[in-house]
Each structure stands twice: as structure tokens, then as C-alpha cells.
1. Scan (1) over 29 Å from S388 (Cα atoms); (2) free of Cβ contacts under 8 Å to residues at least 12 places away in the same chain for the single condition T244 breaks and write down its number.
2. So which of R179, R202 ends up being in contact (Cβ under 8 Å) with a residue 40 or more places away in the chain and of a type in the set (D, E, K, R)?
3. Need the failing condition index for W320 against (1) open to solvent by 10 Å² or more (accessible area, probe 1.4 Å); (2) at negative phi; (3) not basic (K, R), just the number.
4. Run down L166, L183, L133, L172 and say which single residue is over 26 Å from R40 (Cα atoms) and buried (at least 22 other Cβ atoms within 10 Å of the Cβ).
5. Would you call R127 at pLDDT below 95, out of contact with any strand residue (DSSP E or B) (no Cβ under 6 Å at 6 or more places or on another chain) and open to solvent by 10 Å² or more (accessible area, probe 1.4 Å)?
6. I'd like to know if the stretch 228-242 contains one or more residues that are at pLDDT below 95, of a type in the set (G, A, S) and more than 19 Å from the chain's Cα centre (by Cα).
7. Could you please give the count of residues in the stretch 281-317 that are in a loop (DSSP other than H, G, I, E, B), open to solvent by less than 60 Å² (accessible area, probe 1.4 Å) and farther than 21 Å from E242 by Cβ?
8. Return the total of residues in the stretch 400-442 being β-branched (V, I, T), modelled with pLDDT of 80 or more and surrounded by 12 or more Cβ atoms within 10 Å (Cβ to Cβ).
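The values are calculated or read from the model by the stated rules, or taken from the named source; none is laboratory data. Everything numeric in this text was worked out from a predicted model, so none of it was measured. No Cβ is skipped: glycine too gets one built from the backbone with ideal geometry, and neighbour counts run over all protein chains shown. Please note that ligands, DNA and RNA were not included when accessible areas were found on the heavy atoms of the full protein model with its side chains. Shrake-Rupley method; radii C 1.70, N 1.55, O 1.52, S 1.80 Å.
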Amino acid sequence: MRRLAPLLAALLWLQAAPPAPASRFPNVVLVTVDTLRADRVSSYGYARPTTPNLDRLFARGVRFAQARTVEPLTTPALASLLTSRYPHEHGSTRNGMRLRAGLPSLARVLGQRGFKTAAFVGNWTLRDAISGLGEHFETYRQIASRKRWVVLKGEATGDDLTAAALDWLEKLRRDSPDRPFLLWVHYVEPHAPYRTQSEYARALGYGRRDLKPGERYDTEVAFADHAIGELLTGVAKLAPGEATLIAVAGDHGESLGEHGYWGHGRHLYENNLRVPMGIAWEGKLQPAVISAPATLLDLAPTVLGLVGYPALSDARGFDWTPVLQGRTPAPHRASYFQAHKGAVQSVEDARRARRRGLLEVGLLVGGRKETLRLRGGERWLVDVAHDSGDQRNLANRRSGPSTDLRRWQHLVEQGLISADQLPPPTLDRETEEQLKALGYTY
């Protein structure tokens, strides 16, 4: 027994010790782009060369041809991406509403296993004080390099975001050369107000004339794509020879005048829901296009599945790892969506903001999307495979919403009642003014 004592002690120490970083695990780079609709990305069929860097990335990895957000608002969508939970579950259903504290997330899981984690965000609504996302990362920085709106302070250019992220990585590789890392960068372009990026207008075929809003949007897409290219080139130089998994997604789309509507957040049209999404991991993932529907909820479980870590607890998304590795076929499943009023404008407004803010619910099953507008009860049924512009309503006006949609509406509403028990956010005067300036109010 005396001889066994040192062995038993060593085994107990190994069980109690935190897991050490392992070089076999890849670095993870997560890139998200604000307001990027899929059909303005070249590899998704757009005729203009807006996204050469994203196109090259998708060509050497897996591209999801039918990826959608679960809510077309920035903070709710990105909180869902990181936690793999719906907005009514994580609590951040509107910009200005913090998500629940202590939730498991992609960043938390990787951080607990020895990854260095950092986030660099350019959107003002992602400030930790009003989003609550900072607790998930060891380093969380909102870059405020310019005023994109006349009345809105503190957002960022893609170039400044890339520079800040690469500065962090350079220091990390100098101080901790063997630690794997999770680096998340969220680019604010091409969010409104659609500034003309003149250096890209000619390459897109627009010349020197004054551009229309949708054309200015294209130049912003090209500008963001250039910044992403610089980021990925910098990562390759600073982490040469290291395995790096790269995941890219838009947070939501954008309506560019279709249905008489500009913007996002209030409707579940395809141009608000459809986003580019893909994963590349050199030598580990074969190039492929997944045509089955996917959502942002799937990204965190899939990244964790690919690197060999257990799934998030209570994750609502699907781990595509077996499909991407050719072990199982793509699943047939339903996708669910919700739309809320955009911004909370005051602490008083926030006390019942989630219940009051729900505007629309929707689901996608077998290529048909059914949505219900809660105010007025307008119901739409669209064959999205043949009508990506939501032009033709196939719903029988005499029949009500399907049982599945009613069930989803009930689940969302019950979740909002529970979430409204959370403490209301603390909004200072400046924050309230900035939220009002964003154009999300309804």
C-alpha cells in the first residue's frame, strides 16, 4: 500500500488539476459582420465582386448556403451565436437589454480549457455595459474610433478593429507563444448610414458618380471584406504553422427598400434573416457547400464539436461536425425566428420591455416559412426556395397559424415573461440618447 500511495496521490492531482492547454487544439478566429445579407456576397451569387476574401475562405472550407439569424438585431443575434440559445432564453431580446449573467458560451468553454479569449467589437450597442457580453471574454474591447452617425458617438472602422485585434495577438504570441486562443472580431460595416467607400466603387463597377443607398451599401461590404482579409493575413503571420479554425457569419441581413422598408429588426423577411456563414480549417475540413437550413445557433456547437470539446449545456443549435466529416447526412429540422422592437430607450421602458417588444414569430419547415405578425395577426406563408424576396403569400386567409407556430409563439412569450423578472438595465442619459439615435425605435 505504501508503494501505491504516491501513484494514488498523482492520479488525484491529475484529476483535480485544471486542463492544460494542448497544442493539438486549434486556435479559433470568429469573424462576424454587422448587417451583411447573404445575397450581397459574391460566393452566394451576387454579380458584383464585393467579397473576394470571404469567397476565398468559403472556397477552402464549408459554406452554409441557407444560414439564417434567429433574430435580426445585433446584440440578440450575437448573444444567440455565442450561447446557442434563443433571445427569449438568454434575455437580450433588444439592443440595450443585457443577457442573463453566468450563461455557458463558446468563449467560456474555451477559456475554461486554457484558451486565451479576446473580443474586439465595433458596434456601439455591443458595449459591455449594455450587452453583458464582456463577462464571457478575458479581454473585451469596444473600439470607438469615429462617429459613423452624425449623432452617434463611438463606433469603429474595420481597419481600426483589425489593427487592435492584431496588436493583441502580437502581444499574446510574444508573452504566451504556446497558448491557443479564441479571437472574435465584429465589424460594424456595412451597417447604416451606408457611407461611400470610394476606393471600392470603381472595382464594383460604380465609377465616380453619386451612389444610391444600396450601392453605397455594396462599397461598405467590400470595405469590410478588405478588413477581414487583412485580419486573416495578420493572423497567419503572427501564428505561422499553427492550426487555426476560422468561422465567419453575418449577424443579420438588411432590407434595402424591399417591401417599402429600410433597415432590420422589425420583420422576418428573408433579406433580414439570410446571412453568410462558413467554417474553414486547413487540412481538417474538406471544401463543401451545405444546402440544408442552418442558423447562428449552430455555430458554437459545431466549433466545439470540431475541436473535440463537449457541447454547451442546453444548446439549441445543431452540431454539424458529423455531417461535415461525412459520417451522417444533413438533418431535416425546423428553424425558428423572432423579431422584436429595436432599442430600449429608458429604464422605465425596460421593466416590461421584452414582453412589450415582441413583434413577430416565424418558423421554417421543409422550405416553407410561416410568420405571424402579432399586431394585427397578419400571417405569411412563403416558399423560400422559389421566392427569396417574400413576394407571394401562400397562406389561406381563412385559416389561422399552424399548431407549430402557435406553440412557438407560446414558448417565446413565456420566456419573455421569465426574462422580464431580470433586473432592468442601468442606462445613463448618454446611453439613452445614443439608443434613440440608432433608428431602431418603433
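1. Going through (1) over 29 Å from S388 (Cα atoms); (2) free of Cβ contacts under 8 Å to residues at least 12 places away in the same chain one by one, T244 breaks only (2).
2. R179
3. With respect to (1) open to solvent by 10 Å² or more (accessible area, probe 1.4 Å); (2) at negative phi; (3) not basic (K, R), W320 is out only on (1).
4. L133
5. No: the conditions fail for R127.
6. Looking for residues that are at pLDDT below 95, of a type in the set (G, A, S) and more than 19 Å from the chain's Cα centre (by Cα), one finds at least one in the stretch 228-242, hence yes.
7. 5
8. Residues meeting the conditions: 2.
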